[in-house]
Amino acid sequence: MDINVAQLFQTINLNVIMPEVILSVLGMALLLVNVFVPSKSKGYLAWLSLIGIIGAGFVAVTGWGTTVSSFNDSVVQDNFAIFFKMIFLLAAGLAVLISDQYMSREDCNHGELYPIILFTTVGMMLMAAATDLMTIFLGLELMSISLYVLAGFNRDSIKSNEAGMKYFLLGAFSTGFLLYGMALIYGVTGTTRIAKIASLVVQVGGAGNTMLLIGMFLMLTGFLFKIAAAPFHMWTPDVYEGAPTPMTAFMSAGPKAAGFATMLRLLLVVFPAMKAEWSDLLWILAVLTMTVGNFTALRQDNIKRMLAYSSIAHAGYCLVGFASGTATGTSGILFYMLSYTFMNIGAFAVIVLIGKKGEPNGTVMDYAGLGHKRPLLALAMTVFMFSLAGMPPTAGFIGKFYLFSGAVEAGYIWLAIIGVLNSAASVYYYLRVIVFMYFKPGEEEFDWFTISAPVALALVVSAAGSLIPGVIPSLLLQFAQQAVKLI
Amino acid sequence: MDISSVFFALVTVVAIVSALMVVTCKNPINSALSLVLTFFCLATYYAMLNAPFMAAVQIIVYAGAIMVLIVFTIMLLNIRVDANKKGSHQVALGSVMGIVTLLLTGLILTRGKVSQPVGGITSDMINKLGHTELIGKVMFTDFLLPFEVTSILLLVAIVGAVILAKRKLS
Amino acid sequence: MLGTYLPIMLLILVSLAFGLGSVVFSSLIGQKKFSKVKMAPYECGCEPIGTARERFPIKFYLIAMLFILFDIEAVFLYPWAILYKKLGVFGLVEMGLFVVILFVGYIYVWKKGALEWE
């Protein structure tokens, strides 16, 4: 047995994973800085992380338009990966911005938060860029394990502990499904490289091969858990409610997008021949997810729980675009995930500000009177709620429009109708927040918090991101279409 | 019946008895120690299947490290021997599951099709080049990136363990 | 095939025989004189004040978790050790990177005081 090191060396192109390398090195550096530089305030770590995230973003966009694979085809840099990397970096950047104020208030301002956010981002980026089952799995595990820690980061809060524990147990369980599916697919094809599996799917019998079919569905189960699609959504409300609010914001946007990224790459590249099978399944799951999410959200008073169920519903909308499998639908997912990152993290940023220590005021009713006491903040929240509800002229509207028109294009008229009806039902609970802010008399003065500079920046960016793609969607949509074209 | 069949039968008897002891022992520490024996039997199976690396990992990681964690958990929770009463519904459910699993296994063994191994790695290759060498070769060439990511994964796990379990932070 | 494992099996047999033999022989040939004092948990020192099965502090658990993680690192070293001549300098760099990343974790744990018995 010989190992041709020179040949191996030629397959390695470090530029492809440069954003990941930057964030990993920065994460390790910050980890050490945190223990070697004793400082009460951890704000400087947030700014350093932000610089790294922006730097990684710049490095990532330079590859736009090219397709380069590296590490012997285990990872690729293409428009699709870059688009999703931007979503992850954005989610990480916004989460970093709103963390310091919250963590200081809750007395759990440990510097390890920022390196772990960076490592989560590395995991998500690897998931989007991976073209090898093993790399996908390690990316997913890196993301998941970091998220378990982030969910339980507030050690003194029982709810946060519960969130971390629940997420860990159920997440590990779902990872088992995923890994089993991968093992079956490897058993059928004898390779873990996505391109090779794709070329073998038809040869081994496609949907007629039971082992391959079961493998595909088991893998899907693992990803459906990560995107919080029904019936694998049970963990979402408890975890979202218990986790520190900035981390809830992060995990509602980033990992969901990462799950969609890998699912899209897998189903569209590896299993296009089995579209009849997965498309029907996603049709049913989309309806189930939207309905369960929206109709449970209607009954929630706790705003974090409400947004958790809303996040389930949004996964359902994206599954509508996915089930269609058309370019309009899939590019709609990319567009929607990016917009969702802005509007959802924006909404959580407002929750971060309103909350008192320990978040005793976490219900929608506690927002009564905010519109008069803090008009600008209420205006921002209104923008986010409008966008989440999918009202024009926000990004949420355009995103839903493309998702549903993808379904219509593919002939799934009923799916689109159910989606629109669901969307209409969801307006109730989003508008309820606005009604409380503006039209209900409030006793609170909303004077216990100041908006720190990073949170203000996050709010401005999120509000802009929720509005601008809604008014001029063409540019972003063009990018999204270019991104899915390469698949 | 050659010597390796006899050996296999012996190991299997030990594996089944020790596995039964895991679920029947009254004292959880005894269950844990029986589990160590089960792990050793599994390692022997791996060795008999020409997978010595898996055998070594089974002993180093499972029988070694994981068992330490399980024993610590038992001592941390301080499960009393008498608290270990089994409900009858648990026995019923377990029996049903056991019978179903047994039937499924029987079905697979009698009716199942055995597919041919696919991919580049064959038994001859493993015999000729060595199991550990082959694993090392793909790990350090084809799966170089996942291998390096593993170290970051372990790093996150280390940091997470310290953050979540250390008594005093900062 | 099994022949290659003969030394290991012999080792297991010898250790089993030694362990069992010590117990069996000492009970066979030893003197048996029981008295109340001899049957007490300690022949000298303090009277036992409670059960030995007390709850363990969680710091044991932290150490055990860290042990597992570094143990898994060691597992990756085995295949590398077998192949390091063939992999050459490239393999050294690969493994060096792996170990350095985990070394960051080690320094973190050390400086954080997680190894201290607080």
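The values are calculated or read from the model by the stated rules, or taken from the named source; none is laboratory data. All of these numbers come straight from a predicted model, not from anything done at the bench. Every residue, glycine as well, gets a Cβ built from its backbone with ideal geometry; the counts of neighbours run over all protein chains shown.
Data table
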item	result
Extreme residue, farthest from the chain's Cα centre (by Cα), among residues of the stretch C:54-90 that are within 30 Å of A:Gln10 (Cβ to Cβ) and of a type in the set (Lys, Arg)	C:Lys86
Residues that are more than 11 Å from chain C (Cβ to nearest Cβ), among the hydroxyl-bearing types (Ser, Thr, Tyr) and more than 22 Å from B:Leu134 (Cβ to Cβ), drawn from the stretch A:1-42	A:Ser39, A:Ser41
Answer from B:Leu10, B:Leu76, B:Leu69 - the residue that is more than 9 Å from chain C (Cβ to nearest Cβ) and either in a helix (DSSP H, G or I) or acidic (Asp, Glu) (or both)	B:Leu10
Subset tally (residues that are at pLDDT 80 or above and surrounded by fewer than 10 Cβ atoms within 10 Å (Cβ to Cβ)) for the stretch B:80-110	3
Qualifying residues in the stretch C:83-118 (those that are among the small types (Gly, Ala, Ser) and under 22 Å from B:Lys137 (Cβ atoms)) - the one farthest from the other protein chains (Cβ to nearest Cβ)	C:Gly96
Among the residues listed as A:Ala172, A:Ala128, A:Ala163, the single one being surrounded by 24 or more Cβ atoms within 10 Å (Cβ to Cβ), assigned to a helix (DSSP H, G or I) and over 16 Å from the mean Cα position of the chain (by Cα)	A:Ala163
Qualifying residue in the stretch A:347-365 (condition: in contact (Cβ under 8 Å) with a residue 24 or more places away in the chain, hydroxyl-bearing (Ser, Thr, Tyr) and in a helix (DSSP H, G or I))	no
Top-ranked residue of the stretch C:55-82 - restricted to ones that are at the interface with another protein chain (Cβ under 8 Å from one of its Cβ atoms) and small (Gly, Ala, Ser), ranked as surrounded by the most Cβ atoms within 10 Å (Cβ to Cβ)	C:Ala64
Any hit, the stretch B:22-31, residues being free of Cβ contacts under 8 Å to residues at least 24 places away in the same chain, part of a helix (DSSP H, G or I) and loosely packed, with under 14 Cβ neighbours inside 10 Å	yes
The stretch A:218-231, residues that are outside any helix (DSSP H, G or I) and either surrounded by 23 or more Cβ atoms within 10 Å (Cβ to Cβ) or acidic (Asp, Glu) (or both)	A:Ile227, A:Ala228, A:Ala229, A:Ala230
Flag for A:Ile98 being in a helix (DSSP H, G or I), more than 8 Å from chain B (Cβ to nearest Cβ) and in contact with a strand residue (DSSP E or B) (Cβ under 8 Å, 6 or more places away or on another chain)	no
Unique match (being on the phi > 0 side of the Ramachandran plot, touching a Gly at 6+ places or on another chain (Cβ under 6 Å) and at pLDDT below 95) among A:Gly442, A:Gly406, A:Gly390	A:Gly390
Count - residues of the stretch A:149-173 that are among the small types (Gly, Ala, Ser), facing chain B (nearest Cβ under 10 Å) and over 22 Å from A:Pro360 (Cβ atoms)	0
Criterion violated by A:Gly215 - all others in (1) surrounded by fewer than 21 Cβ atoms within 10 Å (Cβ to Cβ); (2) without any contact (Cβ under 8 Å) to a residue 40 or more places away in the chain satisfied	(1)
Cross-chain or 6+ apart pairs with Cβ under 6 Å, the stretch A:189-207 first and basic (Lys, Arg), then not in a loop (DSSP other than H, G, I, E, B)	A:Arg193/A:Asp132
Helices (runs of 4 or more DSSP H) contained in the stretch A:366-431 and holding at least 3 residues crowded, with 23+ Cβ neighbours inside 10 Å	A:375-389, A:395-409
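Here is a yes/no grid of residues against (1) within 12 Å of chain B (Cβ to nearest Cβ); (2) buried (at least 24 other Cβ atoms within 10 Å of the Cβ); (3) out of contact with any Asp or Glu (no Cβ under 7 Å at 6 or more places or on another chain):
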{"site": "A:Leu94", "(1), (2), (3)": "no, yes, yes"}
{"site": "A:Arg105", "(1), (2), (3)": "no, no, yes"}
{"site": "A:Leu142", "(1), (2), (3)": "yes, yes, yes"}
{"site": "A:Leu147", "(1), (2), (3)": "yes, yes, yes"}
